[in-house]
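The values are calculated or read from the model by the stated rules, or taken from the named source; none is laboratory data. None of the values given here were measured: they were computed from a predicted structure. Cβ sites come from the backbone with ideal geometry, for glycine too, and all protein chains shown count toward neighbours.
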Amino acid sequence: MALRGWSWDAASGPAGVGDRPLLEALAAAIPDEAVEAAIEASGTRQQRRRRLPTHLVVTLVVAMGLWASESMRHVLAEVVAGWRERPARSRDGAVRRREAWQLPSTAAIVQARQRAGAWVLWRLFQTVAGPIAPPATPGVFLGGLRLMAVDGTTLDLADTAANERAFGRPTTARGSQRGAFPQLRVVALIETGTHVICDAVLRPCTRSEVPAALRLLRALGPGMLLLWDRGFHSYEMVRGTLAREAQFLGRTKRNVVLQPTEVLADGSFLAAIYPTPGARRRGQDGIVLRVIEYALDRPAGPGRTKYRLITSLLDERAFPATQVAATYHERWEIETTLDEVKVHQWAHPRPLRSKHPRAVVQEVYGLLLAHLAIRTLMHQAALQEGLDPDRLSFTGALRVLRRAIPRAQRTQPAHLPLFARTC
């Protein structure tokens, strides 16, 4: 993919030269210190010398999110390929033949993953995930507010009784037909301009997305503008967002009562939202917000679908209705982000590998960490060229990382990132 004289192929370059920016991006996304801290916090460091130490298991699980269509054993072979080729050095600096390291069996890999557990991957994700764009990044901010969005999706799981008990299986509305696979629901919060997943909550597929979205408010803070679709609208969502000192812009359902109290110059109006109909009649616990209503024109004529947005951005001069309405459609960036994870990165409709619930959670957080690595690489490349990160190819970046990781381990820098420090 060429873009203004810059391409992923040129960026990858010869081993040890063009790979250096990739290694730096990978180290920025998943610092080795964060991996070590997560291992210590989870108490999963191995007590004796093993062929698969915990650090290598964490590396493997993240790499499974990069080589999603390959077997675990093949992924491990990719991770250690360059490391196995490097000559070992003794304490006096002499080069010696590296001790033979045999690739473990699939059963041994499964046992190592069981020893590591899921908590270490959750802790690592919670440590490193978060917004990454500086203020100058194109398409990330509106009037100084960082655009964030929340939405959910489901992932097919291995068809085992344990996974079905833990996560459930989708059914039709009448319950007459059951899905082919158990499913896990993932509700995520992203930075829309970079597609970086800043937080995520995992739930059985039978659970609603709304409570999970309320939990994700923990990742919000001052200077953020949260976008949500009408399925996530609630009084609690509005109140919780404001409690985090963040702003909101969401779509509401048509049956939500919003009585105008003041019409603004741009045609939007102020109203109040209440927790219950009784509270609205009493005028109790109301939250003042701004309502923007519009329909999108089509080539054939005016559209019939009416959008009704609510926002905490009350100043129509600082945030005109047309600008706010256009910004709301940035919410669709989260659809693209979840598509990157589910289709391009994982290669859906294949189910996830793991056959037991704890391994499923471990694998999903590895998938999210791998996505963070890819998107961090894309963001740093875009900054270098002064581009919007949306202009770069996600699959192109994924291919570059797959090529670079084995080659990176053939170099001997002073500090190696996650995939170059396997043992």
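Data for the structure
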{"item": "Residue within the range 168-181 that is in contact (Cβ under 8 Å) with a residue 60 or more places away in the chain, crowded, with 24+ Cβ neighbours inside 10 Å and not in a strand (DSSP E or B) present", "result": "no"}
{"item": "Cross-chain or 6+ apart pairs with Cβ under 9 Å, the range 208-227 first and polar (S, T, N, Q), then modelled with pLDDT of 95 or more", "result": "Ser208/Arg185"}
{"item": "Flag if Val110 is at pLDDT 90 or above and either in a strand (DSSP E or B) or under 26 Å from Ala34 (Cα atoms) (or both)", "result": "yes"}
{"item": "Any hit, the range 144-163, residues being within 23 Å of Pro389 (Cβ to Cβ) and surrounded by fewer than 18 Cβ atoms within 10 Å (Cβ to Cβ)", "result": "yes"}
{"item": "Residue satisfying condition, being closer than 30 Å to Ile39 by Cα and of a type in the set (Phe, Trp, Tyr), within set Tyr307, Tyr294, Tyr365, Tyr328", "result": "Tyr365"}
{"item": "Hey, Ala133 in a loop (DSSP other than H, G, I, E, B), of a type in the set (Gly, Ala, Ser) and touching a residue at least 60 places away in the same chain (Cβ under 8 Å) or not", "result": "yes"}
{"item": "Members of the range 381-395 found to be assigned to a helix (DSSP H, G or I) and either under 18 Å from the mean Cα position of the chain (by Cα) or under 16 Å from Val341 (Cβ atoms) (or both), listed by number", "result": "Pro389, Asp390, Phe394, Thr395"}
{"item": "Subset of the range 337-357 [part of a helix (DSSP H, G or I) and surrounded by fewer than 16 Cβ atoms within 10 Å (Cβ to Cβ)]", "result": "Asp339, Val343"}
{"item": "Test result for Arg123, under 23 Å from the mean Cα position of the chain (by Cα), of a type in the set (D, E, K, R), at pLDDT 95 or above and part of a helix (DSSP H, G or I)", "result": "yes"}
